[in-house]
Amino acid sequence: MPTTAPETIPVAAGIVRDAQDRILICRRPAGKPLAGYWEFPGGKLKPREQPADALARELLEEVGIQIARSQPWRLLHHRYPDFSVELHVLRVLDWSGTMSPREGQRCEWASPADLPGYEFLPADADLVAELALPD
């Protein structure tokens, strides 16, 4: 009996740095799929929405920061048991506002070298390893 491929969900995630070069990370809250894992902030793309637009919308909704400028950095694919993600990763080059979690999640600024000490989503593993490397 043939099996159908799991649903692929397009997601935008941002690498947001503060003035001390720390990276914004958020922990998925209880009640959400994959709760408890850390991730780079972002969210699902709406139909026909561009990744940069989705990222700007999601970061304003979720953490209260406004994205003025971002650029595509990586496109990753990851398959979980019940679904797959197409992960559009953008570097946020210019942003404003004060980071304030708005959806029950915990967010913090982490130095790149400290990222491997957090339990990230499996889809983010390669990003964490790359970001943790010294420049």
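Exactly one residue among Arg57, Arg79, Arg48, Arg91 is charged (D, E, K, R), surrounded by 15 or more Cβ atoms within 10 Å (Cβ to Cβ) and out of contact with any helix residue (DSSP H, G or I) (no Cβ under 7 Å at 6 or more places or on another chain), and that residue is Arg57. Among the residues of region 1-21, those that are in a loop (DSSP other than H, G, I, E, B) and either modelled with pLDDT of 95 or more or exposed (fewer than 12 other Cβ atoms within 10 Å of the Cβ) (or both) comprise Met1, Pro2, Thr3, Thr4, Ala5, Val16, Asp18, Ala19, Gln20, Asp21.
Taking the condition surrounded by fewer than 20 Cβ atoms within 10 Å (Cβ to Cβ) and among the charged types (D, E, K, R), does Asp124 pass?
Details: surrounded by fewer than 20 Cβ atoms within 10 Å (Cβ to Cβ): no; among the charged types (D, E, K, R): yes.
Criteria not met by Asp124.
For region 60-76, the set of residues classified as over 19 Å from Ala123 (Cα atoms), in contact with a strand residue (DSSP E or B) (Cβ under 7 Å, 6 or more places away or on another chain) and exposed (fewer than 14 other Cβ atoms within 10 Å of the Cβ) consists of Gln66, Ala68, Arg69, Gln71, listed by residue number.
The test for being exposed (fewer than 13 other Cβ atoms within 10 Å of the Cβ) and within 14 Å of the chain's Cα centre (by Cα) does not hold for Arg102.
The values are calculated or read from the model by the stated rules, or taken from the named source; none is laboratory data. Because the structure is a prediction, the values reported are computed rather than measured. Positions of Cβ are backbone-derived with ideal geometry, glycine not excepted, and every protein chain shown enters the neighbour counts.
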